[in-house]
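Working notes for the structure below.
Derivation of every value follows stated rules applied to the coordinates shown; laboratory data play no part. Since the model is a prediction, treat every value here as computed from it, not as a measurement. Quick reminder, even Gly has a Cβ in these numbers, built from the backbone with ideal geometry, and neighbours come from all protein chains shown.
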Amino acid sequence: MLTWLCLSLGIAFGASVLPVMSVELFVIGLASADSSLPWIGIGAATALGQVAGKLLYYLAARGTIELPATLNRPRRPSPPSARRDRWRRHTKRLRMLLDTVRERCHRHPHWMTVTYGVSSVFGLPPYMATAVLAGIVRMRLSLFVALGFLGRFVRFSTLAAAPAVFAQVFRV
């Protein structure tokens, strides 16, 4: 049992840092495959792994963790092109939008708290985006971890309990 819970934590951490698989499908599959595993344990281990992985994004956005040199290397000047100018206009709009959101978050700190909390449970807006935004607006670390863990715990515990509820309702 402990092996499966540690595996859940590791997979959740890995999928949180490099999102190439759905942790939700893993949780449902694990809970369906082995009914002896406690759904609350699966939920807690998976939530811990997810929050630990997103903590790296939060700290990088906050500036606490320095990004690798390959992501910070200076760019060589390149010849102008219409495509590049179009791209610069689009990214300029994106930067302006991000600055507007950052400024609103500073004016209304509860807005970011509620958005991050809702995102940690429902996944909308995307949890990765709200984790980065929380770092950008410098949400308190304790609030980030507690709210993220609570929301993710609710999400993954509900998913882990779903196969057992389904089996009881339909007598499978």
Rounded to whole angstrom, the alpha-carbon centroid of the range 35-51 lies from that of the range 125-140 at a distance of 23
Between the modelled labels at H110 and L150 (7 Å from Cα along Cα→Cβ) the distance in nm is 1.5
Final fewest-first order of T46, T130 on the 10 Å Cβ neighbour count is T130, T46
Taking Cα atoms only, helix 127-136 is inclined relative to the longest principal axis of the chain by an angle, in degrees rounded to 10, of 50
If one builds a Gaussian network model of the chain from Cα atoms under 10 Å apart, the most fluctuating residue listed among L143, L133, L56 is L143
Here the gain from full extension of A69 to E24, 0.36 nm per residue of separation minus their alpha-carbon distance, amounts to 12.9 nm
Taking 0.36 nm per residue of separation between S36 and C6 and subtracting their Cα-Cα distance, the length gained on full extension comes to 9.3 nm
Residue by residue through the range 38-54, the couplings from Karplus 6.51 cos²θ - 1.76 cosθ + 1.60 with θ = phi - 60°, in Hz, x for Gly and Pro, are x, 4, 5, x, 4, x, 5, 5, 5, 4, 4, x, 5, 5, 5, x, 6
Under the helix-only model (-39500 (n - 2.57) for each DSSP H run of 4 or more, divided by the residues of the chain), the mean residue ellipticity at 222 nm, to 500 deg cm²/dmol, is -26500 deg cm²/dmol
Along the range 95-102, Karplus-curve 3J(HN,Hα) (6.51, -1.76, 1.60; θ = phi - 60°) to the nearest Hz, with x for Gly and Pro, reads 5, 5, 5, 5, 4, 5, 5, 4
